[in-house]
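Colleague: My questions will all concern the structure given below.
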Amino acid sequence: MAIRVTEAKKGMVVRYENDLYQITRYDHLTPGNLRAIHHVYFKNLKNGRQKEVRMKTSDTLDLVYLDSREAQYLFKDSLGYTFMDNENYEQFVLSADVVGDTMQYITDNSTVTVVFCEGEALTVQLPPAVVLEVVETEDAVRGDTVSAVQKPATMNTGLVVKVPAHIKVGEKIKISTDTGEFMGRA
């Protein structure tokens, strides 16, 4: 389905130049008494590359409909991250370029939502918050607990988060996937 560039919104997935792209940013500019200019920022869903395109108001984009399914994260190897579809037990691989930093929030054997387009896996969709275990952090020094002192803590996935001084190794904490910040104990 074709939409006009003026209807484009951040997060939409479109087909442009025979590739699938996600719109990461959209700017509408009207310089003085000239015609409107639309700057659309794309992220290629196959290789993760960024692209900026300048378009006219009359240009169109082909909107793509997505399907999401539950899948289990199995392991990482030289090809990328391997997942298994929970419905038909089919395995598929997503490259590190496409998945990016989202794998820091996913533990082994956890269930995640994977976005598909025309039967092909595109990316992983994270929940708003995840629960991870602290595997390394400094001990609190007596007197530091009075103020809002924060210290770095390494999670079981390798993610480093600033946490309050009272958090110890072995505790499970809730982390926002949008900001990467500590939300509380789990």
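Colleague: Over segment 129-185, how many percent of alpha carbon pairs lie in each 10 Å bin up to the one with the longest distance?
Modeller: Percent of Cα pairs in each bin: 26, 57, 16, 1.
Colleague: Given a Förster distance of 22 Å, report the FRET efficiency between residue 90 and residue 65 from their Cβ-Cβ distance, rounded to the nearest 0.05.
Modeller: Values: r = 21 Å, r/R0 = 0.94.
According to the calculation, E is roughly 0.60.
Colleague: Additional query: On each of the three principal axes of the Cα atoms of the chain, give max minus min coordinate, whole Å, ordered largest first.
Modeller: The Cα atoms of the chain stretch 65, 50, 25 Å along their principal axes.
Colleague: Any number yet on Rg/Rh for segment 67-125, C-alpha, Kirkwood?
Modeller: Details: Rg = 10.2 Å, Rh = 11.2 Å.
Ratio value, two decimals: 0.91.
Colleague: By count of other Cβ within 10 Å, fewest leading, how are 130, 160 ordered?
Modeller: Arranged by neighbour count, lowest to highest, 130, 160 become 160, 130.
Colleague: OK, next. Note the full-extension length gain between residue 125 and residue 33 as 0.36 nm times their separation in residues minus their Cα-Cα distance, in nm to one decimal. Show your work: numbers first, answer last.
Modeller: Working: separation 92, 0.36 × 92 = 33.12 nm, distance 4.20 nm.
Length gained, residue 125 through residue 33: 28.9 nm.
Colleague: Which order do 69, 49 fall in if you start with the one that has the fewest other Cβ atoms within 10 Å?
Modeller: On the way: 69 15, 49 12.
Fewest-to-most Cβ neighbours within 10 Å comes out as 49, 69.
Colleague: Rg/Rh for segment 1-97 to two decimals, with Rh computed the Kirkwood way over all alpha-carbon pairs. Don't jump to the answer; show the numbers that get you there.
Modeller: Details: Rg = 17.3 Å, Rh = 15.5 Å.
Taking Rg over the Kirkwood Rh, I get 1.12.
Colleague: For a footprinting-style exposure proxy, rank 87, 171 by other Cβ within 10 Å, fewest first.
Modeller: Values: 87 9, 171 15.
Final ranking by Cβ density, sparse to dense: 87, 171.
Read-outs: derived from the displayed coordinates by stated rules, not from any lab. Note that this is a predicted model, so its numbers are computed, not measured. Note: ideal-geometry Cβ built from the backbone for every residue, glycine included; neighbour counts use all protein chains shown.
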